[in-house]
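The values are calculated or read from the model by the stated rules, or taken from the named source; none is laboratory data. Small disclaimer: the values here were computed from a predicted structure and weren't measured. In this analysis, Cβ positions are derived from the backbone assuming ideal geometry, glycine residues included, and neighbour counts consider all displayed protein chains. All accessible areas refer to the heavy atoms of the entire protein, side chains included, with ligands and DNA or RNA removed. Shrake-Rupley method; radii C 1.70, N 1.55, O 1.52, S 1.80 Å.
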Amino acid sequence: MRVTPCQAALAGAISLNLLLLFCAWQGPGRSPPSCRPPRGIPGVTVLLRDFEDFDNDLAGTARSFASLPVPVLVAAEAAPYPPVPLPAGVRLLPLRPVADQPPPLAHPELHVRTRHVALVPDGTRAVPGLLERMRDALEQGPSDTRLVAAPVGSVPLRCLELRLEPRAWTARYGAGAPGVCRAVEGTAVLLLRTRDLFALPFPLARPVPTAIFVQAVLRGWGLRVVPVAFPASRRPPVSPHSHWKAENLAESRRRRLMRDLGIKREVLADGRERWYGCGKETARCFGTVHARTPQYLLAGRWTPPCCLRALRETARHVAGALEAAGVRYWLEGGSLLGAARLGDIIPWDYDVDLGIYQEDVGKCRWLAAAAAGEPVEDAEGFLWEKAAEGDFYRVHYSRSNRLHVDLWPFYPRGGVMTKDTWLGHPQDVEFPESFLQPRVPMAFAGFTAMAPNNARAFLELKFGPGAIENPEYPNPDVKRLGQD
C-alpha cells in the first residue's frame, strides 16, 4: 500500500500528539525518563542542602553562585520559614510530600542535568573557575577518585582516615597519612559526578559531608583535596538560642543518619566516642530472639556495641551484688566460653549466663523479692525478676532496655549439680559439683568474675571437645559462623 505525503503528515502529527500526552501523563515534573533531555550536559550544578531555616545565609550563598554560569538548586524538606528571597533562576526543590498536594517536583536526580554536582554549605561564596578546577581534579585524578573537596574559609581541611566495621556497627576516624584521605574535618565544598551522587542510597541525607564520606568509603571511592579555598561570608554572631537550636538539630540529624547507615558507635580521631544505639532509657536494639539466633546475625552483623556495653555493665553490677550478699555464683555456658576465649562476652552473644547455688537465693534482697514474684528495681535502675519461662531469674539493664543476665539456680544431688528448669540448649546439662570446689577468679567483661576451677573440662563437658578453639554461632542449623 502506497502512503501519500498527506497520510504521512497526518500520521506524524498523531504520533507527536501521543508523545506529548505520554510525557504529560504523570503531571508536571514527573514525566518518564525518555521524555527528558539526556543527563550529561557538561558543567556543574550547585546544590544547596545544609542550612538552617531560622538562621541562614541562603540568599547570599545562592546569589553568589547564581552569578556564575552554573545552575543553582536549593533542596529542602519544605520551603524555608521565615521565607528566603531566592535570586531569579534559583529553584527550590521541596523534598517532603504533602498529603493534599501532588507529589513534590523535587526528585533532584531528575533536575540535575549536568555531569557534575557540587554540594555547597551555607555561607560559602563563589570563586570564578574554582568549581571547574575541582572538576578537572576529579576527572584527571586516579581511577578510584570519585570525590573532591575544597575548603571554605581560612581554616584548612584536616585529612582523616575513615575505617568502617559494618559487622561491629562502628566507624573509626584517624589522622590521614600523606596522600590518604577518606574524610575531611572542616567546612568543605564537595564535588562528584552526578551519576555517582544519585546512585547512593542516601544522596542528600544530613549532615551531608558525613553521609557522603561514609557511603563513599563503603564503595572504596577515593577522595582528593584541592588547596584553594572558597571564601566564607561574614555573618553576625549567632544568638545563644539559635546556637542551641542548631546544636540540637545537628545531633538529631546525625542520630537519624547513623541509624540509616547502620552505625551505632563512632570512634573519633582524638579517641572520643559517640554512641547512637540503645541506652538505659530506650529499648534494646533487637527484638525477641528466635531459635537462639538474633536478627542481627541473619543480617551478617554481630551484637551492637551499645548492647555489649550494657551487658558488661549489667554483668559487673550483678556479680558485685551477689558477692556482697554472699551468693555463690559462677560463669555459665556461653559466658564462660567467652571468658575462656577472650576474657569478654562473645562478640555475637545477646545475654550473660551465671549459675548460682539455689540455697543462696534468700541471701540477696533483690533475688529474694524476685523469687517471691515481685519484680524489683534496685537503686541503680537494674530490674530483677523471675523469668516467665521457668525457675530461674533475670536481671535487666533497665525497665525499658531488656538486655539481661540470666541467673540459673543449681543444687547438688549426689555430688552432681542439677536444676529444675531445662530449656533444651546443648550446654544445658548437669555437671559434677567438684567443678565448683573451689570456684576460681577469671577475667570477664572488664572485671573479675568467679568461674569453675577447670574451665576447659567444664566447657568440653557442655559443648564438646575443642569448644574453646572452635567458635560457632548459637544455632548452626540456622546460621553458621563464616557464612556472613
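Summary of computed values
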{"read-out": "Which numbered condition Pro231 misses (of (1) buried (at least 17 other Cβ atoms within 10 Å of the Cβ); (2) over 18 Å from Ile263 (Cβ atoms))", "value": "(1)"}
{"read-out": "Residue in segment 398-412 that is nearest to Ile356 (Cα to Cα), counting only those that are assigned to a loop (DSSP other than H, G, I, E, B) and open to solvent by less than 20 Å² (accessible area, probe 1.4 Å)", "value": "Leu403"}
{"read-out": "Lone qualifier among Thr282, Thr303, Thr288 - being under 26 Å from His396 (Cα atoms), of a type in the set (S, T, N, Q) and in contact (Cβ under 8 Å) with a residue 60 or more places away in the chain", "value": "Thr282"}
{"read-out": "Subset of segment 60-87 (residues that are in contact (Cβ under 8 Å) with a residue 40 or more places away in the chain and of a type outside the set (Gly, Ala, Ser))", "value": "Thr61, Phe65, Leu68, Val70, Pro71"}
{"read-out": "Filtered residues of segment 155-166 (kept if surrounded by fewer than 16 Cβ atoms within 10 Å (Cβ to Cβ) and touching a residue at least 24 places away in the same chain (Cβ under 8 Å))", "value": "Val155, Pro156, Arg158, Arg163"}
{"read-out": "Criterion: surrounded by fewer than 18 Cβ atoms within 10 Å (Cβ to Cβ) and at positive phi - qualifying residue of Ala250, Ala291, Ala299", "value": "Ala291"}
{"read-out": "Subset tally (residues that are in contact (Cβ under 8 Å) with a residue 24 or more places away in the chain and over 41 Å from the mean Cα position of the chain (by Cα)) for segment 397-418", "value": "2"}
{"read-out": "Residues of segment 364-396 satisfying the condition of being in a helix (DSSP H, G or I) and exposed (fewer than 14 other Cβ atoms within 10 Å of the Cβ)", "value": "Arg365"}
{"read-out": "Any hit, segment 180-197, residues being within 17 Å of Ala229 (Cα to Cα), of a type outside the set (A, V, I, L, M, F, W, C) and in a strand (DSSP E or B)", "value": "yes"}
{"read-out": "Residue match in segment 114-132 (condition: among the acidic types (Asp, Glu) and either open to solvent by less than 10 Å² (accessible area, probe 1.4 Å) or without any contact (Cβ under 8 Å) to a residue 40 or more places away in the chain (or both))", "value": "no"}
